[in-house]
Amino acid sequence: MPSLKDLKNRIASVKATQKITKAMKMVAAAKLRRAQEAAEAARPYAERMTKVLAGLSAANANNAEAPLLLSGTGRDQVHLLVVATGERGLAGGFNSSIIRLARDHALRLIAQGKTVKILTVGRKGNDVLRRSFRDDIVHYITFREVKQLGFVHADEVAQKVLEMFNAGEFDVATLFFARFQSVISQVATAQQIIPAKFETSAASEAATAASALYEYEPSEEEILEDLLPRNVAVQIFRALLENNASFYGAQMSAMDNATRNAGEMINKLTLSYNRQRQAQITKELIEIISGAEAL
């Protein structure tokens, strides 16, 4: 049974931890607002670019000279997984949900006889995946010292991916990140970025648009050659912003839970401390009374 001093020290320790978690919650809440605004502002541009590319791809569906970023290499043997996670922890299941989705996807591909290569963006994902896929991690990018993410950081990742694709190092690239929905909801998402793959809604809109006649200047092929590499960077930039908002949302929720749990623990420890102190006082009184009666 812990002594009164031990209980007192434990209460003080939990109170100090509670102050830290409360402060972290307030910081995450302040940063979440800016991160959420940035993520929501990036969505219309990324979605509109997807619709434009979907329309162009529908018009060039049977074009043998379509760019490889659109048509693919014709093979499906080597897969690159671009896993974007956070640089820090203490964010609930944010990092683990992305890593779990990427790991399951990698194991499924390996079971099918495919070759898997992994490019990690963020320290937490690299640290965890290295335990199981050390030989499959081909590159690691970290933005730990970056205070505010910009398009230049996404372009750095995109240029590495495009460089590997142009060198023939993989056939399919899939991006893993967490899509921000709310403070308590972040959805781990897998999005194929090479060759460009469009959602059903975008494809149906593109099919409708393809029925109309458009004249492109310059040619559709030149537009695709320019837009497809940019689309890779745009989608990665959107994923990084979504991740940033998801991280602060998950951290805010986790620190709120930790603060409340610390409060409950303090109440329980205080109750135990008061009971033990009362028992000790009662014991001392009994000893004094017994000694007085013995005299």
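Tabulated results
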{"quantity": "Cα shape, segment 100-167, gyration tensor, a/c 1.5 rule", "calculated": "oblate"}
{"quantity": "Inter-label distance for Val27 and Thr73, nm, one decimal - labels placed 7 Å from Cα along Cα-to-Cβ", "calculated": "4.3 nm"}
{"quantity": "For the chain, built as a Gaussian network whose Cα springs stay under 10 Å, the top-fluctuating residue of Glu242, Glu221, Glu264", "calculated": "Glu264"}
{"quantity": "Segment 89-138 - Rg over Rh from alpha carbon coordinates, Kirkwood radius", "calculated": "0.98"}
{"quantity": "Hydrodynamic radius (Kirkwood) for the chain, which is based on Cα pairs only, to one decimal in Å", "calculated": "22.5 Å"}
{"quantity": "Residues with amide H under 5 Å from that of Gln192, placed H, sequence gap 5 or more", "calculated": "Leu175"}
{"quantity": "Gyration tensor verdict on segment 244-284 (Cα atoms; rounded if a/c is under 1.5, prolate if a/b is larger than b/c, oblate otherwise)", "calculated": "prolate"}
{"quantity": "Fluctuation leader among Gly249, Gly74, Gly122 - the chain, Gaussian network, Cα springs under 10 angstrom", "calculated": "Gly74"}
{"quantity": "Relative contact order %, the chain, counting alpha carbon pairs below 8 Å whose residues are six or more apart", "calculated": "33 percent"}
{"quantity": "Approximate spin-label separation Asp226-Glu284, in nm, with each point projected 7 Å along Cα-to-Cβ", "calculated": "8.5 nm"}
{"quantity": "Spin-label zone in segment 147-191 - amide nitrogen under 18 Å from a point set 7 Å from the Cα of Thr115 along the C-beta vector", "calculated": "161-174"}
{"quantity": "Mean ellipticity per residue at 222 nm, deg cm²/dmol - from DSSP H runs of n ≥ 4 across the chain, formula -39500 (n - 2.57)", "calculated": "-23000 deg cm²/dmol"}
{"quantity": "Distance (nanometres) between label positions extended 7 Å along Cα→Cβ at Val138 and Glu47", "calculated": "3.3 nm"}
{"quantity": "Cα gyration tensor category, rounded, prolate or oblate, for segment 19-154 with a/c compared to 1.5", "calculated": "oblate"}
{"quantity": "Calculated Rg and Dmax of segment 89-202 using C-alpha coordinates, Å", "calculated": "14.6, 41"}
{"quantity": "Förster-model FRET efficiency, 45 Å R0, Ile20 and Gln192, C-beta, rounded to 0.05", "calculated": "0.65"}
{"quantity": "Viscosity 0.692 mPa s, temperature 37 °C, Stokes-Einstein D of segment 130-169 from Kirkwood C-alpha radius, µm²/s", "calculated": "275 µm²/s"}
{"quantity": "Flagged links, alpha-carbon separation over 32 Å, of Lys25/Lys283; Lys51/Lys117; Lys15/Lys147", "calculated": "Lys25/Lys283"}
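Quick note: the coordinates plus some simple rules give every number you see, no bench work behind them. Everything numeric in this text was worked out from a predicted model, so none of it was measured. For neighbour counting, all protein chains shown are included, and Cβ atoms are generated from backbone atoms with ideal geometry for every residue, glycine included.
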